[in-house]
Every structure is written in structure tokens, then in C-alpha cells.
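I'd like to ask you about the structure that follows.
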Protein chains: 4
Amino acid sequence: MTGAALRVGVIGVGRMGADHAQRVAHRIANATLVAVADPDRVRAAELAAQYDDVRVFADPLDLIADPRVDAVLIVSPGFVHEEQVLACIAAGKFVLCEKPLTMDAASSLRVVEAERAGGRALIQVGFMRRFDPEYAAMKAMLDSGDLGRLLLVHNIHRNKDVPAGFTSEMIVRDSLVHEVDVCRWLFGEEITEITVLSPAPTSYAGEGVVDPQVAIFRMESGALATTEVFAKSGLGYEVRCEASAERGNVTVGLGSGVFVRAANAWGGAIPDDFRARFATAYDDEVQAWVDASRRGVVVGPSAYDGYAASVVCEAGLESLASGSPIKVVLS
Amino acid sequence: MTGAALRVGVIGVGRMGADHAQRVAHRIANATLVAVADPDRVRAAELAAQYDDVRVFADPLDLIADPRVDAVLIVSPGFVHEEQVLACIAAGKFVLCEKPLTMDAASSLRVVEAERAGGRALIQVGFMRRFDPEYAAMKAMLDSGDLGRLLLVHNIHRNKDVPAGFTSEMIVRDSLVHEVDVCRWLFGEEITEITVLSPAPTSYAGEGVVDPQVAIFRMESGALATTEVFAKSGLGYEVRCEASAERGNVTVGLGSGVFVRAANAWGGAIPDDFRARFATAYDDEVQAWVDASRRGVVVGPSAYDGYAASVVCEAGLESLASGSPIKVVLS
Amino acid sequence: MTGAALRVGVIGVGRMGADHAQRVAHRIANATLVAVADPDRVRAAELAAQYDDVRVFADPLDLIADPRVDAVLIVSPGFVHEEQVLACIAAGKFVLCEKPLTMDAASSLRVVEAERAGGRALIQVGFMRRFDPEYAAMKAMLDSGDLGRLLLVHNIHRNKDVPAGFTSEMIVRDSLVHEVDVCRWLFGEEITEITVLSPAPTSYAGEGVVDPQVAIFRMESGALATTEVFAKSGLGYEVRCEASAERGNVTVGLGSGVFVRAANAWGGAIPDDFRARFATAYDDEVQAWVDASRRGVVVGPSAYDGYAASVVCEAGLESLASGSPIKVVLS
Amino acid sequence: MTGAALRVGVIGVGRMGADHAQRVAHRIANATLVAVADPDRVRAAELAAQYDDVRVFADPLDLIADPRVDAVLIVSPGFVHEEQVLACIAAGKFVLCEKPLTMDAASSLRVVEAERAGGRALIQVGFMRRFDPEYAAMKAMLDSGDLGRLLLVHNIHRNKDVPAGFTSEMIVRDSLVHEVDVCRWLFGEEITEITVLSPAPTSYAGEGVVDPQVAIFRMESGALATTEVFAKSGLGYEVRCEASAERGNVTVGLGSGVFVRAANAWGGAIPDDFRARFATAYDDEVQAWVDASRRGVVVGPSAYDGYAASVVCEAGLESLASGSPIKVVLS
């Protein structure tokens, strides 16, 4: 496929899908936005009208089947991911699927097995912290060996706010899942046990929602990771990670490089949401996917990474309910 | 006693005791060093010779009994604290006792009860983080109410190195005990449950020693605190605390204000040990103790604070052995 | 031109030109690399061979004349800029010309007048700090009015090293010129007077080279800006700016967000050169130029900005020689 | 004098004098407050009443003559310093004199010559930045030679506000004088030329007052230092210094170690005035003076340092008026 631009179709054109469509059209080299699909056909048509020559589908499976589409960026709700990803595998098309890969471990495993049966890696999962320049620099430092063996990780993941109806389970599956992937990636090991604890809730917490949550991961080597997750911190979007290794520790996410001094205060801004904090990471993630797809390979987080995260989150939900550590068993 | 300087005797003149003696003699207003005691009488005499008119005792109880001594600074090993503190209570003398108050909860309770029976508060325990300007500023911010209710705390306590023979239990009793006090103080609540987890050890760890350790405290309100403790981090002395409240979070200990850029690196220095990091805190702690003693009151961490820390650490040792959460029960 | 990708030719394929060619080919949306030109035809051919369907020219004027080239990115040495830019104007092609626009004020003025005579803005000059996210955020804060009127600016511009033969004059024309543009842009005013002072040189300074230099700009409003420039700081590439306004001051460039603690030191990395520090800025600069060119407009620093910088630098050279303030007079 | 506490008299009990009296009484080891003097005898008596056994004088010369006073801390207005310091020299008493030593170079020289004629060093001048832990750490780094030769210094000195009637000349003599001393001390060289430039004033500037000011010092070695001074920045008290040496540069004063994240903002506090920022420095300055006086020596900034600063400031006033560089000539 070298030479021609990758023709990308986007499934799901809500806030995040529209953002990805704009990215493919205006910021990603060697890619062309050629199709969008959404059950809300009007919304899809309005989006398509902003670009030249973009086809509109109400049914995502029609987009996947369209021979003009080389690769598919799935930004639909998680519960329709399995069907759409399986259709892409069947059609032999590259996929960048926003996390979670699917809603539970069993369905994620079906996706992994279908991809294996097809004999070719096609799926990248949207664990975008791996593409953030700061996280990538931290990973490179750890992998260089200069800092010695990784011993402990502490993550902070605070959303400023979430939509009404965001449940305790969604905090695990939609927020904590990022740190599940970060820890598997940084340690290069699987998580073998997870505990999700319920602290006294913030007064911003939704009715009956456990917010914040504190999670503890035990890694294969016995190493531990702790994570604080807020759905509604009220303060802004804060994502930090401190990795402690034998000869050094690395922290990312302390704050931007723009340092302001105003009346009796020094400091900087905390963004409202992930799009401001991780703008470059999303660009780099999609560029990496486009480049790899044009070469016919998958280089980012794989379907297996998506499956492993699903298994850990499923155990996390069990721990959230019981308060006890739950073993994690991967196929 | 107003008007006259407080006449202080120091028991135990190892590295830390010599440091405290020098502090009383040269940096603390309205105090005079008048006596030192140590079983190693030669070491005590050598120290005393550096100052004018300082008496030397081999037996600490003789120092406590000396009518020329108004107040006693105990820097001896923990296992002799109980006897020495009880002697001070019997003699009606003010005491600043380095932590731990005593070696276990039962003996700490005996000290608390003896002080109560005497009808007068005399004991301050050496939880010096309360006197560090950064910790004190954090506490003042939380107490002001501006940041709302405190929800989560994460502590980091990394020693660069410890003497040979430093055991897993000493990590709990001598290092983690500081964060036990920090959490009780910041939350203004007791700890009701403690879990001490054993991660994969650093390769610097002593034979058979669980190093690092990760501890989880459950507070009365249900709030949680997590702590990482290293006896041998190899990196330097790092003590940090991040307190997350409803309208803001505060971090102390990120690094000093001297910012250096050298070949391809920016940054600052990490001290080797607690004396450099907390020099001002020790001065302020001893000055506060001298000022309060001259007014006939106790204002710092009390004998009860020492007792409560002993109870939590004892439960922590049980959790370290079992890996399970242990309830904390205070008298 | 909307719809089709902008077909870009790159003139000059040294280190920086090769970097720009790679950028256009692999990181910039809606642009295609179609031609390269360099007197060293072998070097140009080797570069072209890395991409599909890229024409090679020894003579830059042939590249400019090629009807397949929509827009030209000039990365040749400054002394050939005038001829090449004038040829682009004559051909009605958009240009992104690396700074300096030309070597002196008189030639820059000829370019400005030729562009005016052509009746259409075609030229963007490579003052890339305007596209750095941190500088852009600082400019946006100042322009918002929230911080009040800008009063003082202090710039630091330290190169780690420069090639042999880098003269005192090149420090003004190639390094300080960036801060000339930064101050004109931040204040939204012209510079009316410049003083370039010669401090005691660093021992790394080239034979007879004034390194570092300290420059003082007087702005139209009377405001002042000071700048430190090193050609050979030996430390790394450091570019910072502190803008002091009536209700706040803003600093950019203090260091990256990756915070490391190693043995007895905390900190981060300082890059070796501008490419690491400003990677995102170069991408954003070229993307902005491609997007504007496709819409038929110029949005970045204009030919007049290039001319004004030339006039200031010329006065700066005179001040460097005399040590006295020199008036800046713009046509 | 070893053994006995130093008996200190304080002349001038305005805000700063009362602060110093409280410091001597409550925070400085081996010193006793024994006397205060102030033309406002009622104010002096009220202050004295807070301490035991403190004598009150209306006439400072009576305090200096009192045999019970070993050493004198002068906190009176600058225009009476000469007479008071000369009286201390005549009485053979140690003096800590707040800056400026005297109001002009000629009177400072008379003080230096009187001290020399007396054959014994008695005077320390209140240049307290030398005692700030951050400045002291920077000086130690530079003196260690690890960073190589010092090349450039940039100072920022911003007061939040000043009393009505604070003139352009006072900005030089009372504010900039600190940076005069900092540069002499850091470089270990005299200033040979000073230029004080008048930027466009802040709208907070007093009527007819040049605020801010930008000063340029030329050192003996040819090295340069630039300084920004605000009398009324409106933002808080900010004092920073960046020293650029051949193998590293050091910045102090970027902000405290308490890092707060609140709604959409991270940062810390900027104090209102010098007392909060430099509390430890004042303690350390006075302790160092007390310790040295008890040993019969002077270790802090000397009368000659005070004289040299007066000469530089006098030249600075001339430059402020003319806008031109003025040579600095020391006796």
C-alpha cells in the first residue's frame, strides 16, 4: 500500500469520533478521511459535509464492507465493539479500536481468537498513554536499563467531571483500564491480582457511586502498583505516574511548561479534559497506526493487550464488590 | 519559669543525640545545655567538653534526678525509653522523647497512664514532620477549610540506606511510624485498619528484609492513605506527601528551591539523610518544646500520639506477617 | 486548491532541509513532497530516493519553475534567499523561508517591495517560536488582557555548541534574531533601539568571538527587553522567555514534564539542540503554512516581519561593534 | 565573652525593628535582648514591656553607651546610621546595621575609615540574601569550582507594594542595593560600571516614579549582570537570581516547595513581603552575627561592603538621571 494514502473510515461521530475524523482529515500525514458511520445519520452527514468526498453510512458494517475503506477507526460505544471488530477481521481491514476492546473478558478473548484464526495482526487498541511524549520518555528510560529494575508504580487519574449515570463499574472499566495498560506496559509483565478499595466518597460523587477508588495491582514479579482514580475530582484532568526503579524514579504529568506568577500565586493551568492534556498523544497514536497499516503491520497495543485489560477489569469489578484481592487468570 | 533559660539534659549522645546537644547549645533560644548522659561515658565526656559547664552522667536516671536539669531530651534507643520517660514523669520534668515512644503498644499505654496519673502533661514525642515548614503549611491549608474535606493521602518515605541489621519490622516501627503520625495528624482521625504489603524486594534489600513495603491505612471516616517505604532506595532521602481534598490537593517534598542546569540536565539535589532535609524542622521542634516547657505546657505530639502510633505499628507488623488487613483498636 | 494535497518542493537538503523533507513526507497532513533541490545533486538524489516520486534539481530556480510544485520550502543558506524568494514571488508560489529572510535590511526590503508589487502575500518566514505550544500559550495569555500591559521581557537563548567559524555577527543574525521576532510579536510593537553588549567571554568561545552577548531592546512604548545569548554554552539547548506584565508574569522553557530522581539528584533532561526542543513547533509551523497555502493566504510571520528583524539585527551589529545603543529605523 | 549570652540593644522599633527584637528575644541562641531605643519612647516602652528586664532609651546614643549593652542592632532610618555606627565604633561595640550602611558614598567611607582607625572590625551590614539557604547554596556551588567561571547574572527583585512617597532614587538605594551586594558577592569582584534604564512605567507606579527599572552592572572581569526591579509589581514579593557559569547555571527563588493543585490550576503561593520569604535568612543572619560577636570577630558583609554598595548606588542614581553608563570608582 506504500505510496497511496491510507483511506480511513470512522465509526461513531460523537465528540471523540468527530475529533478523530478531524484529526485524520487535517493533522495526519498519508491518511484520507473517506467515510463516516453513525446510527444518527444526520449527525454523520453534518460531519461529512465539512470534508471533501466523505461517504456517510448509518450501518457501520456497510462502512467496513466498503471497498474504498482501507482501515477503520472505531469510536462507537464499547458494547458494539465486538461485532464491529470481528467484521473488520473478516474483511481483512486494519482497525484502531478505542478502549475498551470489548465489555468483558470472554468477548475480548473471542476477538483475540478470531484475529489469530485469520492469521494476521490487524487490531490496535486505543491505549493512548503509550503515545504521550512524557509516558514514552519514561518507558524508554526504564527500558534502557539505566534506572535498574522497576519496583513500584503510583498512578493518579483524576477526571474533573463525568456525565450523569457514570457508575462505579465505569470508573473501573473506562478510567482505571488506562492504568491497567500503563502498568502492564511499564513492567512488561501481567497483573496477577487486583484489589479495588472503596474510600470515603467525595461529596461530588454520584448517588451510590464509589468515587474515588484506590486500586492495588500485584505484578507477576511480585511488584506492586497503586492507583487513585476520581471520576469527579472537580479540579481538572490530572494524569500522573511515578515509577520507582532501583537506580531512579520518574514522574510524568506534574504540569505543563508554562509557568505563571499572578497575584500572590505561582503556577500553571490544569486542563479540563483529556483532549487538551493528550492532544499530541492522539495525533501520534493515529499517525503510528496509519504508518503501520500502510506497511501492513500492527505496532501499537494489540488485541491481546485489550483482552488482558478486560480480564483485569473484570477481576477489579469483583474486588470492588467484595473489597478483597481477586486473582487474575489469563488464557 | 519565665525569664530563666530552660536547663536541658540530653540522654543518648550517638549521632542524633550529639546533633540535638549542639542544637540546644547553639541554635535554640532560651535553653541551656547543662547535662548529657550515655552508657559510653567517654563519648559523653568528649561531647560535654565542647561546651561550658555541662555535667556528664553514665546513668540516665542520675541525669533525670539532677535538680539542675529542668527538662530532658531523650535520644537513647527505643527499648530504654519506657524506663526513662517514667522516671521523668516521676520527677515532674518535661520530656522530648524521640520516636518511637516505646517499643510496643502495651508499654506506650503504661506511659500514657502514668502521665495521666501524675495529673500533668509532660511528654512531647519526636514526630518532627509536624514542624517542617512544608508539612505545617499543608496542614494549615487543610485546616483552613479552603480545600474542603481531605479524601486521600499518598506518602513516599525513602531512606537512602540503613545500618546492617535493619529488619522488616524496623521499617514499620522506625520509618513507617512517621507516616502513621502524619496521617493521624492531617486527617485529625484515628487509623482503624492497616495493611502492610510485601512487594518484590529491591536488590539492595537486606537478606530476608521486605524492602520496599506498601502500607494502606483506613481512617475512621473511611478515607484511605497509601505509603511507599524504602529502607534502602540507594537514591537519597526522599519524603513526600500528597494530600487530596475536595477542592484541591497539596504536595510537599518535591525538591528544594535551588534549581541547577548542568550538561544536558536540569534539577536539584536530593539530600543523603533526614538531617539535611529536616534541619529547620528539628530546630523548630526543639524551640517549640523549650518555649512550651518554660510556660509549663505541652503543645507538640503527645504521649497519646506516641501510644496510638505504637498500636498502629503493632497491627502493621501483624499485617506484614500475614499480608491481610488488621483492625486497629485503641484503648 | 482545496481538496488536493499541497505539492511541496524543498530547496536545500542539509541537516535541517532533510528534516523538513521528512516532515512534509511523513508528518504533515494534506501535503506531498514532490521535489528537492540542492547544488549537491548526489545528496539531493539520495534524499529523494527515500520517498516515492520526488524530482531532483541541482538548480533551485528549476524547482521553483516546475509546474508540479505548488509551494516552496527554502532551507538553503541565507545568502541565496533573496534570489530564491524573488523567483517564488515571480512564479506566484507560496514560500516558507527559513530565517533570516535575507542577509541585510536592504535586501529584505527589496523582497517586501517585490511581494507588495505582486499584489499578493506569499511569504512566511521561519520564526518558529510563534508555533511552539508554550510560546503560543504565553502569547494568548498576554493577548487576552488578563495579565494587563506587557512591561518587561527577559530571554535566554543558549546553544550547546555551534560549528567552527561561527562569528560574533552570526550570533546576532542567526541566534538573537529569534528573540528580535519574539519581542516584536509579544509586545505587538517595533523595536526602536538596540544595544548589544560584550561580556567577558566563556572559555568555550571561538577565537575572537563575543560569546555570550547581552542585548537590550527598547520598544516603541518605551518598554525594555533583555536577552542573553550563548553560541557555546556547553550545557545543552536552552530557550526561555519571561514576560512581565502588570497583573502577572509568564515563563516558558523551564524544563520538560518528565521529572527524574536519581542518586542524590532530581531533575530532567536538557536537549542537545533545537530539533528536540521544538519538534512539535516545527510540525505545527509547517502544518499551518500548508493549511494557509491551500487556502491561498499567509498567516505566519510575514516578509515584513523578516525585514524588520533584518533591520534590528543590522543595528545590533553596529552596536556590537561600538558598544553603544543604536536607533532602529524602519521604512 | 564565650559562655555568657551576648547582650543586645536594638535601635529603632518600627515594624522591622520590632521583628528583630522579637527574634533576639525568642529565636536566637546565646543572645539576650537588654535594651531598645526609639525617639518614640512610648512605642519603645510598649515593645520592651513584652520582655523581661529590657531597658528603654529615647536617645540611641544612650543605648550605645550603656555598659550593659554588648552589641547593637541598628534598625533606624538610613540617614541616622552614620552617627550611630560611629558611636558604636567609638564605644568598641559590635554592630549589625541594616542596609544601607549610610545614605551616600562619602559618609560610608567615613565609617570605613573610622573602623580602620579603631584597629578592629566591628561592623556587619544587613545584606541578608547572603544568609538565605538558597543563595548560600548557590554561592557554595559557584565557589566549589564545579560549575566553572561565573559569566552572567540575571536578578529579579519585585516588591508587591511600597509606602507612598517611595521615589525612583529609593528604588536604587533601598531595593537595587541588595542586588549590588549579591553581584559583588557572587562574582567576588567589584562593579566597575552601572547603567540604570527607565522602561515604560507600570500603571501602578507612583507619580513621576521610574518603576520598574532595569540595571546593568559591568564587573571587573568584564562580566555583566542585569536586574529588573519593581517597587510596585502588585503580584507579591519575588526575588530570584540566575547565575550562569561555564559548566552550569543556578536559579534560586522560583517558588516554595508546597505545590497545590486547585480548580484548573497548579502552583504555590508568593509571599506578600520579605519577612515571609526570608524568615530563615534573618534568623541565620542574626545568629551568625551573635556567634561572631561572642568570638570577637566579624564574618558577615563588612563596612567596606556597605561602602562599595553606596558608591555603586550613587553612580546608579547618576545613570538613572542620564540614561548613560556611569563608571564606578572605589577608594
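Residue-wise test of (1) within 19 Å of B:ALA265 (Cα to Cα); (2) not polar (S, T, N, Q).
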position	(1), (2)
C:TYR237	yes, yes
C:LEU254	yes, yes
C:GLY267	yes, yes
C:ALA281	no, yes
C:VAL286	no, yes
C:TRP289	no, yes
C:GLY306	no, yes
C:ALA309	no, yes
C:SER324	no, no
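Output yes when any residue across segment B:8-29 is farther than 29 Å from B:LEU176 by Cβ, away from every other protein chain (no Cβ under 14 Å) and at pLDDT 95 or above, and no when none is.
Yes; the residues of segment B:8-29 include at least one that is farther than 29 Å from B:LEU176 by Cβ, away from every other protein chain (no Cβ under 14 Å) and at pLDDT 95 or above.
Sticking with this one: Regarding segment D:149-172, can at least one residue be identified that is more than 13 Å from chain C (Cβ to nearest Cβ), β-branched (Val, Ile, Thr) and open to solvent by 40 Å² or more (accessible area, probe 1.4 Å)?
yes
In segment D:173-190, which residues are among the small types (Gly, Ala, Ser) and open to solvent by 10 Å² or more (accessible area, probe 1.4 Å)? Let's see the steps before the verdict.
Keep residues of segment D:173-190 that are among the small types (Gly, Ala, Ser), which gives D:175, D:188.
Answer for segment D:173-190, where residues must be among the small types (Gly, Ala, Ser) and open to solvent by 10 Å² or more (accessible area, probe 1.4 Å): just D:GLY188.
Out of (1) surrounded by fewer than 17 Cβ atoms within 10 Å (Cβ to Cβ); (2) modelled with pLDDT under 95, the odd one out for C:GLY118 is which?
(2)
Taking only segment C:121-133 into account, find how many residues are open to solvent by 10 Å² or more (accessible area, probe 1.4 Å), at pLDDT 95 or above and within 27 Å of C:THR251 (Cβ to Cβ).
Here the count works out to 2.
For segment D:302-331, what are the residues that are under 15 Å from the mean Cα position of the chain (by Cα) and farther than 14 Å from D:CYS183 by Cβ? Please lay out each step first, then the result.
Residues of segment D:302-331 that are under 15 Å from the mean Cα position of the chain (by Cα), as a first pass: D:302-310, D:312-313.
D:SER302, D:ALA303, D:TYR304, D:GLY306, D:TYR307, D:SER310, listed by residue number.
Another one. Give the residues of segment C:47-65 that are open to solvent by 10 Å² or more (accessible area, probe 1.4 Å) and either in a helix (DSSP H, G or I) or in contact with a His (Cβ under 6 Å, 6 or more places away or on another chain) (or both), sorted by residue number. If you could, list the steps in order and put the result at the bottom.
To start, the set of residues in segment C:47-65 that are open to solvent by 10 Å² or more (accessible area, probe 1.4 Å) comprises C:47, C:49-62, C:65.
Residues satisfying the conditions are C:LEU47, C:PRO60, C:LEU61, C:ASP62, C:ALA65.
If you don't mind, another one. Since B:ASP52 meets every condition but one in (1) without any contact (Cβ under 8 Å) to a residue 12 or more places away in the chain; (2) more than 14 Å from chain D (Cβ to nearest Cβ), which condition does it not meet?
It is condition (2) that B:ASP52 fails.
Quick one: which of D:VAL54, D:VAL42 is of a type in the set (Val, Ile, Thr) and over 27 Å from B:VAL286 (Cβ atoms)? If you could, list the steps in order and put the result at the bottom.
On the way: D:VAL54 fails: over 27 Å from B:VAL286 (Cβ atoms).
On inspection, the qualifying residue turns out to be D:VAL42.
Evaluate the following for D:ASN264: is it out of contact with any helix residue (DSSP H, G or I) (no Cβ under 6 Å at 6 or more places or on another chain) and at positive phi? Give the steps one after another, and end with the answer.
Values: out of contact with any helix residue (DSSP H, G or I) (no Cβ under 6 Å at 6 or more places or on another chain): yes; at positive phi: yes.
Yes, satisfied.
Among the listed residues D:VAL36, D:VAL112, D:VAL72, D:VAL54, which satisfies the condition of being outside the structural domain of D:ARG240 (by TED's automatic domain parsing), of a type in the set (A, V, I, L, M, F, W, C) and more than 18 Å from D:LEU6 (Cβ to Cβ)?
Details: D:VAL36 fails: more than 18 Å from D:LEU6 (Cβ to Cβ); D:VAL72 fails: more than 18 Å from D:LEU6 (Cβ to Cβ); D:VAL54 fails: more than 18 Å from D:LEU6 (Cβ to Cβ).
Of D:VAL36, D:VAL112, D:VAL72, D:VAL54, the one residue that is outside the structural domain of D:ARG240 (by TED's automatic domain parsing), of a type in the set (A, V, I, L, M, F, W, C) and more than 18 Å from D:LEU6 (Cβ to Cβ) is D:VAL112.
OK, next. Here are some residues: C:MET138, C:MET219. Which one is surrounded by 22 or more Cβ atoms within 10 Å (Cβ to Cβ), within 19 Å of the chain's Cα centre (by Cα) and modelled with pLDDT of 95 or more? Show your work before the answer.
Details: C:MET219 fails: within 19 Å of the chain's Cα centre (by Cα).
Being surrounded by 22 or more Cβ atoms within 10 Å (Cβ to Cβ), within 19 Å of the chain's Cα centre (by Cα) and modelled with pLDDT of 95 or more holds for just one of C:MET138, C:MET219, which is C:MET138.
Of everything in segment B:66-84, what is touching a residue at least 60 places away in the same chain (Cβ under 8 Å) and crowded, with 18+ Cβ neighbours inside 10 Å? Give them in sequence order. Steps first, answer last, please.
Narrowing segment B:66-84 to residues touching a residue at least 60 places away in the same chain (Cβ under 8 Å): B:68-78, B:84.
Answer for segment B:66-84, where residues must be touching a residue at least 60 places away in the same chain (Cβ under 8 Å) and crowded, with 18+ Cβ neighbours inside 10 Å: B:VAL69, B:ASP70, B:ALA71, B:VAL72, B:LEU73, B:ILE74, B:VAL75, B:SER76, B:GLY78, B:GLN84.
Identify all residues within segment D:91-103 that are hydrophobic (A, V, I, L, M, F, W, C) and crowded, with 24+ Cβ neighbours inside 10 Å; write none if there are none. Walk me through how you get there before you give the answer.
Here is the first cut: in segment D:91-103, the residues hydrophobic (A, V, I, L, M, F, W, C) are D:91, D:94-97, D:101, D:103.
Matches in segment D:91-103: D:PHE94, D:VAL95, D:LEU96, D:CYS97, D:LEU101.
When you check B:ALA35 against the structure, is it small (Gly, Ala, Ser) and not in a strand (DSSP E or B), yes or no? Full working, then the answer.
Numbers: small (Gly, Ala, Ser): yes; not in a strand (DSSP E or B): no.
It is false that B:ALA35 is small (Gly, Ala, Ser) and not in a strand (DSSP E or B).
Can you tell me which residue within segment D:203-224, out of those that are more than 9 Å from chain C (Cβ to nearest Cβ) and in a strand (DSSP E or B), is farthest from C:VAL250 (Cα to Cα)? Lay out the reasoning, then the answer.
Step one: of segment D:203-224, the residues more than 9 Å from chain C (Cβ to nearest Cβ) are D:205-211, D:213, D:215, D:217, D:220.
Keeping just the survivors that are in a strand (DSSP E or B) gives D:213, D:215, D:217.
Details: D:GLN213: 19, D:ALA215: 21, D:PHE217: 25 Å.
Out of the qualifying residues, it is D:PHE217.
Quick check, is C:ALA106 out of contact with any helix residue (DSSP H, G or I) (no Cβ under 8 Å at 6 or more places or on another chain), at pLDDT 95 or above, surrounded by fewer than 18 Cβ atoms within 10 Å (Cβ to Cβ) and of a type in the set (A, V, I, L, M)?
Details: out of contact with any helix residue (DSSP H, G or I) (no Cβ under 8 Å at 6 or more places or on another chain): yes; at pLDDT 95 or above: yes; surrounded by fewer than 18 Cβ atoms within 10 Å (Cβ to Cβ): yes; of a type in the set (A, V, I, L, M): yes.
For C:ALA106, the condition - out of contact with any helix residue (DSSP H, G or I) (no Cβ under 8 Å at 6 or more places or on another chain), at pLDDT 95 or above, surrounded by fewer than 18 Cβ atoms within 10 Å (Cβ to Cβ) and of a type in the set (A, V, I, L, M) - is met.
Another question, if that's okay. Of (1) open to solvent by 20 Å² or more (accessible area, probe 1.4 Å); (2) over 23 Å from B:PRO271 (Cβ atoms); (3) away from chain A (no Cβ under 14 Å); (4) within 19 Å of the chain's Cα centre (by Cα), B:ASP143 satisfies all except one. Which?
Failed condition: (4).
To continue, here is another question. When you look at B:ALA137, is it away from chain D (no Cβ under 14 Å), of a type in the set (Gly, Ala, Ser) and either touching a residue at least 60 places away in the same chain (Cβ under 8 Å) or assigned to a helix (DSSP H, G or I) (or both), yes or no? Break it down into steps so the answer makes sense when it comes.
Working: away from chain D (no Cβ under 14 Å): no; of a type in the set (Gly, Ala, Ser): yes; either touching a residue at least 60 places away in the same chain (Cβ under 8 Å) or assigned to a helix (DSSP H, G or I) (or both): yes.
Spelling it out, it is not the case that B:ALA137 is away from chain D (no Cβ under 14 Å), of a type in the set (Gly, Ala, Ser) and either touching a residue at least 60 places away in the same chain (Cβ under 8 Å) or assigned to a helix (DSSP H, G or I) (or both).
Which residues, counting only those in segment C:5-32, are in a loop (DSSP other than H, G, I, E, B), of a type in the set (Lys, Arg) and within 24 Å of C:GLU82 (Cα to Cα)?
Residues of segment C:5-32 that are in a loop (DSSP other than H, G, I, E, B), as a first pass: C:5, C:12-14, C:27-30.
Imposing the further condition that a residue be of a type in the set (Lys, Arg) reduces the set to C:27.
Within segment C:5-32, none qualify.
Right, another one. Is there any pair linking a residue in segment D:246-269 that is in the same structural domain as D:GLY148 (by TED's automatic domain parsing) to one that is surrounded by fewer than 22 Cβ atoms within 10 Å (Cβ to Cβ) and among the aromatic types (Phe, Trp, Tyr), with Cβ under 9 Å and at least six apart or on different chains, and which?
Filtered contacts from segment D:246-269: D:GLU246/C:TYR204.
Here is a follow-up. Of the conditions (1) more than 19 Å from A:HIS178 (Cα to Cα); (2) assigned to a loop (DSSP other than H, G, I, E, B), A:THR102 satisfies every one except a single condition; which number is it?
Against the list (1) more than 19 Å from A:HIS178 (Cα to Cα); (2) assigned to a loop (DSSP other than H, G, I, E, B), A:THR102 comes up short only on (1).
The values are calculated or read from the model by the stated rules, or taken from the named source; none is laboratory data. Keep in mind the model is a prediction, meaning the values are calculated, not measured. Here the Cβ is made from the backbone with ideal geometry for all residues, glycine too, and neighbour counts use every protein chain on show. For the accessible areas, the whole protein counts, side chains as well, though only heavy atoms, and no ligand, DNA or RNA atoms are used. Shrake-Rupley method; radii C 1.70, N 1.55, O 1.52, S 1.80 Å.
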